[in-house]
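Before any comments, here is the structure.
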Amino acid sequence: MLRILFRIYFLTAIALVVFGYIVAHSVRQHFSSEMERYALDRTSGEIFLLGKYLDSAPPSEWLARFDDYKRRHFIRVSLIPMKEAQAHLSQEKIARLQHGEWVANISPEAYFGPAHRPPAPGEPMTDDVIRFDPVGPKQVPMMVTIGYTSLALLMMLPMALWARHLWKELDSLSKTARSFGEGQLAARAAIAKRSPVYPLAECINDMATRIESLLCTQKELVHSVSHELRTPITRLDFGFEMLLKQTGGDGISSRIRSMQGDLAQLNELVNELLQLGRLDQPQALMRSPVDLIALLSDCASAARHELGAKQLELDLPPLLAAIEADARLIDRAVGNVLRNAAKYAERQVRLSAVKVGDGIDIVIDDDGPGIPAAERDRIFEPFYRLDRSRDRTTGGFGLGLAIAAKAMTLHGGTIAASDSRTGGARFVMHFPV
């Protein structure tokens, strides 16, 4: 909030200063003669009194009376040579002064007039000029500074109140966008219509509504198609079994078994789609205390048939805090990442867990071809497969890592891919405690 306040405040202050300077300069340029006449009229009384007081003085007492007048009056009066006065005046005002007229400067305010000082006996004629300074030069800047400081402080209060209200509304929009990004598709910004950010909030709400509608339509389509596919898949599987029993030829039997394998893959795809769809449903988690040591050991045992002759190394600490989680989803997430590592590892896979500052990291390393840095975020998208060694020939549909990422997000955790010290890929699954 302070950043917004100071930016608006300083921009407004600078704009006012610039505007004030432009206005003052324009006024001086266009109304200089009127302002001079007004200033001379305002001081005409003092000019008249000073003239009467000095004109009645004999030449020998003129300077003494002048000094006496300076002591008695608040207005500062000085006697200066004509050349010094000319340095402060325009040519037009110099000519008027030389003709015996009083002239005025507006900024800084000063008045100049002929002294008419009679020379003392034996003294040559002088062209001295009387200068009036109505307010001492030290007092004017102080008064101006106090005035501008007071104005600046008065401006700060309404700006602070306005900026605080604006900050609250912007913070509300930020929280809405953050909640929507975290998967709370029903999140909307509640901003009053009279607010200056209401048009922005309305656009965000409209966008959120359209995105929610599109995502819901997509999820319903995938879920409906997956459900509808299960029945014909089951019928086909049953038909293949019956056909296999009635067929005696080895060639036909081999062909039927190949078709059964394709059907099994299709069935696996449907199951994974349904699993991914369930994770998007509200209240998808069933939390309970989970013993991570036992769960990770079970995941390692279940993945051994995927490894075949490859080595699986376990590095689990003896004491690891239990976490509140959905054991079924954690088992599925870790199992998916382990099976993925088993597919691409050349000789070994390593499963480890370590306590970090704010949670627990489960780390899975393999010594396979690794994952290019540009692809490490996209591999967690549904149906995404790499173009090189990690493709359809290794099996899978690109849903295993997507399911693992969704499960981690539901638990408030993260999953990330990086380079492993064994030369392949490393997956780090972080669980907050």
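For R65, are the conditions met, namely being at pLDDT 80 or above, assigned by TED's automatic domain parsing to the domain that holds R37 and under 25 Å from S33 (Cα atoms)? Spelling it out, it is not the case that R65 is at pLDDT 80 or above, assigned by TED's automatic domain parsing to the domain that holds R37 and under 25 Å from S33 (Cα atoms). Picking from V18, V23, V77, which residue would you name as being surrounded by 14 or more Cβ atoms within 10 Å (Cβ to Cβ), modelled with pLDDT of 75 or more, among the hydrophobic types (A, V, I, L, M, F, W, C) and under 30 Å from G147 (Cβ atoms)? Every option except V77 fails the conditions. Would you confirm, using the coordinates I've provided, whether L11 is modelled with pLDDT under 80 and touching a Phe, Trp or Tyr at 6+ places or on another chain (Cβ under 9 Å)? It is false that L11 is modelled with pLDDT under 80 and touching a Phe, Trp or Tyr at 6+ places or on another chain (Cβ under 9 Å). The single residue among Q265, Q311 that is polar (S, T, N, Q) and modelled with pLDDT under 70 turns out to be Q265. Criterion applied to D367, D361 was being acidic (D, E), in contact (Cβ under 8 Å) with a residue 40 or more places away in the chain and more than 29 Å from N271 (Cα to Cα), and the one residue passing it is D367.
The values are calculated or read from the model by the stated rules, or taken from the named source; none is laboratory data. Values in this document were obtained by computation on a predicted structure and should not be read as measured data. Neighbour counts run over all protein chains shown; Cβ positions are idealised from the backbone, glycine included.
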